[in-house]
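Any read-out appearing in this document is the output of simple, stated calculations on the displayed coordinates, not a laboratory observation. Note that this is a predicted model, so its numbers are computed, not measured. Reconstructed Cβ throughout: ideal geometry from the backbone, glycine too, with neighbour counts over all protein chains shown.
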Amino acid sequence: MCLAVPGRVTKIEGERAEVDIGGIRREASLELVGDQGIKIGDYVLIHTGYAITKLDEAEAKEILMAWRDVAQNELEG
Amino acid sequence: MFSKYRDKGLVRKAAERIAEVAGGEPLRIMHVCGTHEWAITHNGLRDLLPEGVQVVAGPGCPVCVTPGGEIDALCALSLERGITITTFGDVLRVPGRKGSLAEAKASGADIRVVYGISDAVRMAQQEADREFVHFAIGFETTAPTTAVEVIKGPPGNFSVFTSHKLIPPAMEFLLESGARIDGFICPGHVSTIIGSDAYKDLASRYAKPMAVAGFEPLDIMLAILEIAMQRKRGVAEVYNEYARAVKAEGNKVALRAIEKAFGVSDADWRGIGNIPDSGLKLRGEYSKYDAAQRYGITLAGGDTMPEGCSCGDVLLGTLRPEGCPLFGSECTPESPVGPCMVSIEGTCAIAFKYSDLKLRSRRP
C-alpha cells in the first residue's frame, strides 16, 4: 500500500508531470510536491499516482560517506 | 549513486559489521512496513544476519489491519444500494466477516480497482448518474492523496469511506503493551510524509533506538547496523538513513493537506484492537464527503480475524507465518483465510511467495 516507485520527470504541465518509470511513461500529480521545485530530469517517488518527494542524489551520497567504514572502497572506485 | 544501495559486497560488509557490533547479544528489531518486509524477504536479508539479531514484521500492512466489518459494510452498500465502490487492488480479496469485495463483485456489485483516488474522482465525473464511494485505505503515505482530492472538491456523486491509519500511535501501542522490541526500523514512505522527527518523542520516551530506512538491501542493513550501534552506545535516537527521500520535517504540503481535511480519531486495527488517536476522519466542511455519514454506516467495532487464523499474532510480530497451522495448507494466496495472506504487503503472502526460493537456495 505504501509502495512508491522512483520515476524520472520527463515533462511538466502545471501540476501534472509525465514520469519515466523504468521505461514506462505515466502521468503523476505534482500537487504534493509543489514546494520542492521539481524540474525535468529530477527523480521523484510516486505513490498511487502522486509524487510524494524528490529523490536527492547528494543526500544518497552523503549517507554512503557517513558509512565509509562499510562503503569506502566502492566509493573510491 | 542510487544503485550503490543494491551492491552485494556492501551488503555483506554491513552484515559483518552488524555481527561485530551486536557481539552475540540478542537484538530484536521491528519494522512496520509491508514494503520493508518484502525487501527483507525478497533479498534474503534475514539469512545474512548473525545469530541473535532478529528483524520482525509489525502491523505494517494497512489492508491487513482494515476491520472486516468495514469490508462487509462496503459490500452491502454496493449490493443493496447499487453504489459503485472504488478501491486499491490489494483490498479486493481480503475476507471481511461475511465475504470479500471480490465475492460481492462476482455477485453483481460494481466494485472497481483504481491505481489512485484521482482515477476514482475521474470516473465519478464521467458517470454523473452513478454514486461512487472510494474505500480509502492506507497509512500517512496515502492519506494526503485523499486529502488533496477532497480539498479540491470532487463531484457530488463522490464520497470517501476513510480507513486511513497512523503509524506512530501503533508503535506506541506496541511499546506500551510490553512487546519485546529493542528498536524500530521506521517506515520509509510513511516518513517521507511525516518526517524523521515524528519518531523522536517515542525513541526518547521508550529509550528505543530507531532508524528510518529506504527499501534497497543496503538501506535496511545500515538501519540495523545503526540500531545495533546505538544500543551498544546506550543511546536512543532517530537516525535518518533514507535522507535521499525523507526530511526531518517531512513533506509540509502533504502534512498541511492532511491537517486541513482530517481530524484524528481512535481506530480499530483488525486483530490488534482499538488504538487511541490512530485514525483519520474527514472534518469540518469536508465531512460532507464522508461516506459513513452520507449513507449512515455504523460499525460494531471490536473486529477479529477469521476463525483459526493467526494473522493477529503475525501482525504483532509474535509469530512468523510458518508457525501458523494454516500456513501453506488451508491458507495460501490462491485461497487465503486471513488478510496477511492476501495483500502483496502481507507478511504471510510474502513468506509464502519466497518459501520455495528459500528451500531451493538451501539445496546442496
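Below is a table of values for the structure above.
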| item | result |
| --- | --- |
| Anchor B:LYS98: aspartates and glutamates whose Cα lies under 16 Å away (excluding residues fewer than 8 positions away in-chain) | B:GLU70, B:ASP72, B:GLU80, B:ASP303, B:GLU307 |
| Around B:ASP182: net Lys/Arg minus Asp/Glu count, Cβ-Cβ under 12 Å | +4 |
| 9 Å beta-carbon shell around B:LEU202, net charge (K/R +1, D/E -1) | +1 |
| Equivalent ellipsoid, segment A:5-76 (semi-axes from 5 times Cα gyration tensor eigenvalues, Å) | 28, 12, 10 |
| Average other protein chain Cβ within 10 Å of Cβ, residues A:56-67 | 6 |
| Over chain B, relative contact order from alpha-carbon pairs under 8 Å, at least 6 apart, % | 21 |
| Fewest-first sequence of B:CYS33, B:CYS331, B:CYS340 by Cβ atoms within 10 Å of each Cβ | B:CYS331, B:CYS33, B:CYS340 |
| Per residue, the convex hull volume that the Cα atoms of chain B enclose (Å³) | 143 |
| Modelled FRET efficiency - R0 25 Å, B:LYS4 with B:TYR115, Cβ distances, 0.05 increments | 0.25 |
| Other-chain or far-sequence residues with amide H under 5 Å of B:VAL114's (modelled H) | B:THR87, B:PHE88, B:GLY89 |
| Computed FRET value (nearest 0.05) for A:LYS61 with B:ARG97, which takes r as the C-beta separation and R₀ as 45 Å | 0.35 |
| Efficiency of FRET from Cβ geometry, B:GLN54 and A:ARG26, R₀ 35 Å, rounded to 0.05 | 0.35 |
| Approximate spin-label separation B:ASP313-B:SER335, in nm, with each point projected 7 Å along Cα-to-Cβ | 2.3 |
| Additional length obtainable on full extension of the chain from B:ARG12 to B:LYS252, 0.36 nm per residue less Cα span | 82.7 nm |
| Viscosity 0.890 mPa s, temperature 25 °C, Stokes-Einstein D of the protein assembly as shown from Kirkwood C-alpha radius, µm²/s | 110 |
| Residue-wise HN-Hα coupling along segment B:256-273, computed from phi with Karplus coefficients 6.51, -1.76, 1.60 (Hz; x: Gly, Pro) | 5, 5, 4, 5, 5, 8, 10, x, 7, 9, 5, 9, 7, 10, 4, x, 10, x |
